[in-house]
1. Output the number of the condition that ARG296 fails; it satisfies all remaining conditions of (1) modelled with pLDDT under 70; (2) over 30 Å from LEU485 (Cβ atoms).
2. Kindly indicate which of ARG518, ARG415 is part of a helix (DSSP H, G or I), exposed (fewer than 15 other Cβ atoms within 10 Å of the Cβ), outside the structural domain of THR351 (by TED's automatic domain parsing) and among the charged types (D, E, K, R).
3. Spot the failing condition for VAL470; the list is (1) among the aliphatic types (A, V, I, L, M); (2) surrounded by 13 or more Cβ atoms within 10 Å (Cβ to Cβ); (3) outside any loop (DSSP other than H, G, I, E, B), and only one is missed.
4. Can we say LEU282 is open to solvent by less than 50 Å² (accessible area, probe 1.4 Å), at pLDDT below 85 and not basic (Lys, Arg)?
5. Could you check, for region 445-462, whether at least one of its residues is farther than 30 Å from HIS393 by Cα and either at pLDDT 90 or above or open to solvent by 30 Å² or more (accessible area, probe 1.4 Å) (or both)?
6. Within the bounds of region 159-169, is there any residue that is touching a residue at least 40 places away in the same chain (Cβ under 8 Å) and among the β-branched types (Val, Ile, Thr)?
7. Output the number of the condition that HIS119 fails; it satisfies all remaining conditions of (1) open to solvent by 30 Å² or more (accessible area, probe 1.4 Å); (2) at pLDDT 90 or above; (3) under 29 Å from the mean Cα position of the chain (by Cα).
Amino acid sequence: MTALRRVLSWLPVLQRRRAHTCLTSSATCRLLHKPPRAVGAACPSQLRAFTLSACRSRDTDDLRGSGVHEEEKEEDDEEADDFIDDSEVEELFRLHAPAQQHRVFVVHPDVKWGSRKQHLTTAELMMAEAVGLVNTLDNWRVVEQLIMSTKTPEKKKIFGKGNFQTLTDKIRQTAGITAVFVNVERLFPSSEREFQEAWGVKVFDRYSVVLHIFRCNARTKEAKLQISLAEIPLLRSRLKNEMANLDQQGGGSRYIGGSGETLVEVQQRLLREREMKIRSALEKLRRKRSLLRSQRRHKEFPTVSVLGYTNCGKTTLIKALTGDVGLQPRNQLFATLDVTVHAGQLPSHMTVLYVDTIGFLSQLPHRLIDSFSATLEDIKHSDLLVHVRDISHPETVNQKVNVLRVLKNMQIPDRLMSSMIEVHNKTDLVDNYQLLEPDALPISALEQRGLDGLRTAVEDEIVKSTGKRVLELSVDLSSPQLSWLYKEAAVQDVQVNADEGSAVVTVIISAAAHGRYRKLFTG
């Protein structure tokens, strides 16, 4: 029995138990204040778990002791209402986890002309990237791949009638496949439904495959919430597909008891409420991140965001610049989903914070980027951007174009774009490497070559962007002046005059720190 028929067979039970009351009244109130544990679930096949969890959910926070003042209790309830606890996030992941394994047929539509034709790459390279995405997932294996030309990529079936039939025959003749990956940014729900009906297996696009990779690499609550938000469009698509199948079958009542709500309306409502809950939780985390940024600014630590195409070597570079042994770079797409901050020193002994960011990818839907907007917001508030390129990759030029396009869509300030340092990484993998772009810096993060020049370039740009000044200050060695400067500024040189018990100290110092120094020690 299909999942949808199981739902329909369960409806009489709902009617007998007057469960529609739970769905239409108490569940609605409870969902607006305390959502079901399965945040983000919405497929018709999961309606039973959905509604039962809504009915079972109890606001345990209301029972937190009779000695709490009413005002404090209301504040606590309001705080709890806007947040999603860890168990809800984990249950979401269990509900929508990808299959443990798949044998995948990869098809790449090769657009011959028009606005969707790729001019900076080839169909073979795009196919190689698609295969790399699949192979990133454990126990997923590509068993067949096919580049199929198309003149109508905007049509529902993407391919012409003849090519689509050829592709269908090829898929049906390939033994053992459990999924087809159509290497396009996003499939229409109707296209996905038609493909699954024609091929009899699960169908993925780049959006869903990348989401699976994100899910496998997510470690923190914020990353999991962002993925949950990005999954909402997929769940809506599945809902449309399920209901379209119901219409075609033409059987069963689509209304739940006497509630006046159809099955699809109930689930659309639940989806909207879950989306609001996730966005609210992410907003809280965004405010916390903003607070951390303000604390860093208060301590006057300049921040350098290291960004680039996925798997270009960002984490390896930050580890080389900071010596942070806790960083464990992985040769894997989207190994980093969470923004992490690592302290390092420049040649002048100035401390800077390197921000490791999520990698970019070509044909990555804007909605997916939007879900990670709180994370990517750190880039906008940096003092400097370092764009890392894998110069050994055959698509390095196309990757650069895609990174710059994403930064433009993010509306990065012009001051950051104009001062951005471009780094050519992995030069050790290029035979007879020659620098063809004079403004770029060639390095090998793995072999730690060229890092001194990069540190110097970062320091020069940081001094410009932060308004720090190089000053020579005369200090009394019997006072705490020198130790204060070591703590609050970047001391470059100390010339001691032992006879006078003084020293001339060369420092890089901000205007605010210099003002504090003068107030403390020179009146």
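The values are calculated or read from the model by the stated rules, or taken from the named source; none is laboratory data. All values derive from a computational prediction rather than experimental measurement. Positions of Cβ are generated from backbone atoms using ideal geometry, with glycine treated the same way; all protein chains shown enter the neighbour counts. All accessible areas refer to the heavy atoms of the entire protein, side chains included, with ligands and DNA or RNA removed. Shrake-Rupley method; radii C 1.70, N 1.55, O 1.52, S 1.80 Å.
1. Looking at each condition in turn, ARG296 falls short on (2).
2. Selected residue: ARG518, the only one of ARG518, ARG415 that is part of a helix (DSSP H, G or I), exposed (fewer than 15 other Cβ atoms within 10 Å of the Cβ), outside the structural domain of THR351 (by TED's automatic domain parsing) and among the charged types (D, E, K, R).
3. Failed condition: (2).
4. Taking the combined requirement at face value, the residue satisfies it.
5. No, because not a single residue in region 445-462 is farther than 30 Å from HIS393 by Cα and either at pLDDT 90 or above or open to solvent by 30 Å² or more (accessible area, probe 1.4 Å) (or both).
6. no
7. Of the numbered conditions (1) open to solvent by 30 Å² or more (accessible area, probe 1.4 Å); (2) at pLDDT 90 or above; (3) under 29 Å from the mean Cα position of the chain (by Cα), the odd one out for HIS119 is (2).
This table checks each residue for (1) assigned to a loop (DSSP other than H, G, I, E, B); (2) more than 30 Å from ILE443 (Cβ to Cβ); (3) in the same structural domain as ASN425 (by TED's automatic domain parsing); (4) modelled with pLDDT of 85 or more.
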| position | (1), (2), (3), (4) |
| --- | --- |
| GLU273 | no, yes, no, no |
| SER290 | no, yes, no, no |
| GLY308 | no, no, yes, yes |
| LEU327 | yes, no, yes, no |
| SER362 | yes, no, yes, no |
| LEU368 | no, no, yes, no |
